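The values are calculated or read from the model by the stated rules, or taken from the named source; none is laboratory data. Note that the structure is a prediction, hence the values are computed from the model and not measured. All Cβ positions, glycine included, derive from the backbone under ideal geometry; neighbour counts span all protein chains shown.
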Amino acid sequence: MATQTEAQAGTRAVVAYPETRLPLARTIALGMQHVLAMFGATVLAPIIMGFNPSLAILFSGVGTLLFILITRGRVPSYLGSSFAFIAPVIAAKAEGGIPAALGGIIAAGVVYGIIGLIVMRTGVGWIEYLMPPVVTAAVVAVIGLALAHVAVDLAARNVWLAALSFSLAALIAVGTRGFPRLIPILLGAVIAYIVALVTGNVDLAPIRQAAWIGVPDFVTPTFNLRAISLIAPVALVLVAENAGHIKALSAQMDRNLMPYLGRGFLGDAVGTVVSAFGGGTGQTTYAENIGVMAMTRVYSIYVFVAAALTAIVLGFSPKFGAVIGSIPPGVMGGLAILLFGLIAATGGKIIRDGRVDFAQPRNLIVLGSTLAIGVGSAALEWAHTTVLNTLLNNNLPLGALDRVPTGTLNVGTGNFSFALGNIALATFVAIAVNQVLALVERFGAQKAPSTRREAVQDRTVHEVRA
């Protein structure tokens, strides 16, 4: 491994490797830059889930420090709120509110940590076998599509603010260069917030009343089997996401980080568990910060220590939390439409990068069935929740709710029952369908033709359409 400050990686020089110490002032400045990069998405996720955004910021710093410690300072990354948790957390809150959802997040972190320990012992080959690109792409696409109704619901509360924030973020992402292009969500939110403030769409009273320094309101988790069953499978999504990020870092630095993949999983898992025990969101390594490193070519781990400490300080400012809480729903809705759409579109990028062959019927079936089940389940869950809230808000009998499907697959009975919904259900379907059809291809009496030429040569095929 190279240890010099200046080294060649790819076509551009690496300015600082993880072990490099930079001057203090520069380290702090670069750390602040990473805080800005992660801020928009890290705050948006807890607001949508109904969590305290100040706790999310606080525990993003704590989680990042734990990640650095567990990976021995070899994998420069920042942990922020994971969007993979949003849909299952919203569903799990019906089983006992935020405390029950936190218990599910802890369970997901434990499963994720176990996977990390196994990878540290055996390697990552078995994960790539269970989750090839077509499976990963299908699950990632479901995450974005299953959240679409949440974004549209927020945007509908103030359409013009939603259109403004969406347009600003999109224009900044496409039309700017340098660092602004890496923080379109933050810049779009700030500008749209200022416009909302000028037009009288922001309530400033909570901001005036909030103290500058104070301890946030921590939340104690509870453990509910159904909530756990809805959220715990998110661990598989985090595995695929984190593995992709570490591979990207390896390529950027021209340094093999894959031996630290298991530690990366474990560090992310521990950060998630600690966060949930205090009322924070589930966490993941952030692509936004990887983008910042690609631009600056600075991978010094000390920069991320500075960023984490900055986030922890911000987490202990009620004034800061009040400002975040005053952001109008319309502003958040426009940004959510952009973010969730990008998450769904990322599935297509995974398919392209993985060179998935759609001439193979198996790949078509895996992708199609996963999308149909994941999105359909999310739609039914949303309808069930909407009807429930309507009945409760109008003091109407809840009997009508029995006729509205929940969108979850219920397994077991009584106290030993659990539910699989949208993302969790889609993940299991994608893995199971892919493995079963792979076995059929491998051991079937006859392998189906995968190309038009093979079909023409196969005498059992009676008709071939161009």
Set Ala84, Ala41, Ala56, Ala91: member being under 26 Å from Gly341 (Cα atoms), surrounded by fewer than 24 Cβ atoms within 10 Å (Cβ to Cβ) and in contact with a Ser or Thr (Cβ under 9 Å, 6 or more places away or on another chain): Ala41
Condition met for Val215 (in contact (Cβ under 8 Å) with a residue 40 or more places away in the chain and surrounded by 17 or more Cβ atoms within 10 Å (Cβ to Cβ)): no
Helices (runs of 4 or more DSSP H) (entirely within the range 24-143) containing at least 2 residues that are among the hydrophobic types (A, V, I, L, M, F, W, C) and over 24 Å from Ala378 (Cα atoms): 24-49, 53-70, 97-122, 125-130
Residue list for the range 180-212, restricted to those being of a type outside the set (A, V, I, L, M), surrounded by 14 or more Cβ atoms within 10 Å (Cβ to Cβ) and over 22 Å from the mean Cα position of the chain (by Cα): Tyr193, Asn201, Pro206
Residue tally, condition of a type in the set (S, T, N, Q), touching a helix residue (DSSP H, G or I) at 6+ places or on another chain (Cβ under 6 Å) and at pLDDT below 85, over the range 203-255: 2
In the range 192-202, the residues that are touching a helix residue (DSSP H, G or I) at 6+ places or on another chain (Cβ under 9 Å) and without any contact (Cβ under 8 Å) to a residue 24 or more places away in the chain: Thr199
Only listed residue being crowded, with 21+ Cβ neighbours inside 10 Å, assigned to a helix (DSSP H, G or I) and within 18 Å of the chain's Cα centre (by Cα), chosen from Met332, Met293: Met332
Filter result for Ala251 (more than 18 Å from the chain's Cα centre (by Cα) and either without any contact (Cβ under 8 Å) to a residue 60 or more places away in the chain or surrounded by fewer than 20 Cβ atoms within 10 Å (Cβ to Cβ) (or both)): yes
Per-region count, the range 146-169, residues under 30 Å from Ile373 (Cβ atoms) and touching a Leu at 6+ places or on another chain (Cβ under 7 Å): 1
Qualifying residues in the range 55-71 (those that are among the β-branched types (Val, Ile, Thr) and under 15 Å from Met32 (Cα atoms)) - the one modelled with the highest pLDDT: Thr64
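Yes/no matrix, rows are residues, columns are (1) under 22 Å from Phe85 (Cα atoms); (2) among the small types (Gly, Ala, Ser); (3) modelled with pLDDT under 70; (4) assigned to a helix (DSSP H, G or I):
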residue	(1), (2), (3), (4)
Val375	yes, no, no, yes
Thr390	no, no, no, yes
Phe428	yes, no, no, yes
Glu441	no, no, no, yes
Lys447	no, no, yes, no
Val461	no, no, yes, no
